[in-house]
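The values are calculated or read from the model by the stated rules, or taken from the named source; none is laboratory data. Please read all numbers here as calculations on a predicted model, not as lab measurements. Positions of Cβ are backbone-derived with ideal geometry, glycine not excepted, and every protein chain shown enters the neighbour counts.
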Amino acid sequence: MRAAGLEIWKDASHGHLMAQPCAQYRGGCCEAYNDRPRQCRNFVCVTLARFEKGEVSMREALRLAELLREKRRFLNGLIATHLPEFADRPLREALRETKRLLEIRNEKEAREIQERHGELLVHTIAFRKFRKEYFGQAGGGE
């Protein structure tokens, strides 16, 4: 996968993961589609599985994909405002930082973070939930 220019990292709960967006995704399509890694070949998101079962139309699946892109663009704007040091970094890094902010245990610090970054945190949680619900791996994977 590294030979294809894909950034790989280890995750304690999921094993090896690929950075998103994928380095091979250009101009709206996969540049390595014919030689894509097994993980890509086998990945079926919830929306695709529902489409294949006839539970959702192509139009609805495409609408959900566009909605995810809109949510991502909006979230990137919030990241640029609230965490400018993450503005030019992969979204996953900013999402990790927002997760870290949510893990604050000290009540005073938690209030300060909520006041400074509340909007970002709310939209991050909503983005993650939407992404997992419609584009997470079908069958319960992440």
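Identify, from the list Ala87, Ala138, Ala80, the residue that is in the same structural domain as Glu66 (by TED's automatic domain parsing), aliphatic (A, V, I, L, M), modelled with pLDDT under 85 and surrounded by 13 or more Cβ atoms within 10 Å (Cβ to Cβ).
Answer to the selection: Ala138.
β-branched (Val, Ile, Thr) and at pLDDT below 70: does that describe Ile8?
Working: β-branched (Val, Ile, Thr): yes; at pLDDT below 70: yes.
Criteria met by Ile8.
What number of residues within the range 98-133 are of a type in the set (Lys, Arg) and closer than 30 Å to Leu62 by Cα? Before you say what the answer is, go through the steps one by one.
Within the range 98-133, the first condition is being of a type in the set (Lys, Arg), and the residues that meet it are 99-100, 105, 108, 111, 116, 128-129, 131-132.
Next, from what is left, pick out any that are closer than 30 Å to Leu62 by Cα: 99, 128-129, 131-132.
Number of matching residues: 5.
Please go through (1) loosely packed, with under 12 Cβ neighbours inside 10 Å; (2) of a type outside the set (Val, Ile, Thr); (3) at pLDDT 90 or above for Ala61 and return the number of the only condition it doesn't satisfy.
(1)
State which residue pairs qualify: first residue not assigned by TED's automatic domain parsing to the domain that holds Leu75 and among the hydrophobic types (A, V, I, L, M, F, W, C) and inside the range 103-130, second residue surrounded by fewer than 13 Cβ atoms within 10 Å (Cβ to Cβ) and not in a helix (DSSP H, G or I) in any location, beta carbons under 6 Å apart, and separation of 6 or more residues or different chains.
That search, which allows pairs on different chains as well, returns nothing.
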